[in-house]
Amino acid sequence: MKILIFGGTREAIEFANILGEEGHEIIFSLAGRTNNPKLPNYGQVRISGFGGAKKVAEFLSQENIDLIIDITHPYAQNISNQLVDAATLSQRPLLRFKRPQWHKNNENDWQEFENVAQAIKELPQNVTCFISTGHKGLEELRTRPDCKFLVRLIAGPKVTLPQNCTTILSRPPYELSDELALMKQHKITHLLSKNSGSEQTKAKIEVALNLDIYIFMIVRPKLKVANEFFSKEHLLSYIAK
């Protein structure tokens, strides 16, 4: 089969390599928002956006794509929704893989918010908050000069951050011992995170729970309905049918 994989996650690379080894023709698509992204060992790589669902549908037809697989980040709402529309327009099958979410042990583990702006607004006064939500919403930090922020990003911020922010540039995976040292060093009182469900970044959640650091969690966006899988084995088995 000729398969178009929309990536941006570690799992997308794994799927591309497995399916490439099995003899499928792979086109691997990335939005191009990260410098020096990790790439699969198989197939053609396409870096840049398409320009909407109609353009994606045109590409699917032109390239005679047999199957689309959405393995983008759980918060990549726009592209995931566009792929549903493109699949409908082009009459191509679409499969979506989403890694399982992190789950609370009890109701007091964390508070949930729809977006970064809402969470920043609800922070108590004069706290020190570790921000690990990516670039979106960082402009809201200017509204809280009373707080201190530790902001971790893969690439430099796209907006000028206020003086009460310390920025760290690094790429996962993150080890439990390193996250523990980081949060203790900066005397973190609050953690603001997305519920990515990634094993590579889960250590920050475990450390925050162990240190009784308050967790503010941004919930996942609602996506248009698609044939969805939460297990790699299940998805690969479905493709092999």
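Read-outs throughout are calculated quantities, based only on the coordinates presented, and are distinct from any laboratory measurement. Small disclaimer: the values here were computed from a predicted structure and weren't measured. Every residue, glycine as well, gets a Cβ built from its backbone with ideal geometry; the counts of neighbours run over all protein chains shown.
Some points to look at:
- Most fluctuating residue given options Glu11, Glu179, Glu22, as computed from a GNM of the chain linking Cα atoms under 10 Å: Glu22
- Bridging of Lys104 to lysines at a Cα separation below 21 Å is possible for Lys194, Lys202, Lys204, Lys222, once same-chain residues fewer than 8 apart are set aside.
- Alpha-carbon centroid distance for the pair segment 126-178 / segment 59-122, whole angstrom: 24
- Segment Ser48-Lys2, length gained on full extension (0.36 nm per residue, minus Cα span): 14.6 nm
- In degrees, nearest ten, helix 77-90 long axis to first principal axis of the chain (Cα): 10
- Shape call, segment 110-218: gyration tensor on alpha carbons, a/c limit 1.5: rounded
- On Cα atoms only, tilt of 176-185 relative to the major axis of the chain in degrees: 40
- Classification of segment 193-241 by its C-alpha gyration tensor yields an oblate form. The axis ratio a/c (a ≥ b ≥ c) is 1.5 or more, and b/c is at least a/b.
- Computed E for Glu107/Asn17 - FRET, C-beta separation, R0 41 angstrom, nearest 0.05: 0.55
- Candidates Asp146, Asp109, Asp66: whichever shows maximal mean-square fluctuation once the chain is modelled as a Gaussian network with Cα springs under 10 Å: Asp146
- The long axis of helix 53-62 is offset from the longest Cα principal axis of the chain by roughly 40 degrees.
- Computed packing ranks the peptides 114-123, 153-162, 23-32, 80-89 as 80-89, 23-32, 114-123, 153-162, most packed first, by mean other Cβ atoms within 10 Å.
- As a proxy for reagent exposure, ranking Met1, Met217 by other Cβ atoms within 10 Å from fewest up yields Met1, Met217.
- Taking the number of Cβ atoms within 10 Å of each Cβ as an exposure proxy, the fewest-first ranking of Phe230, Phe59, Phe15 is Phe230, Phe59, Phe15.
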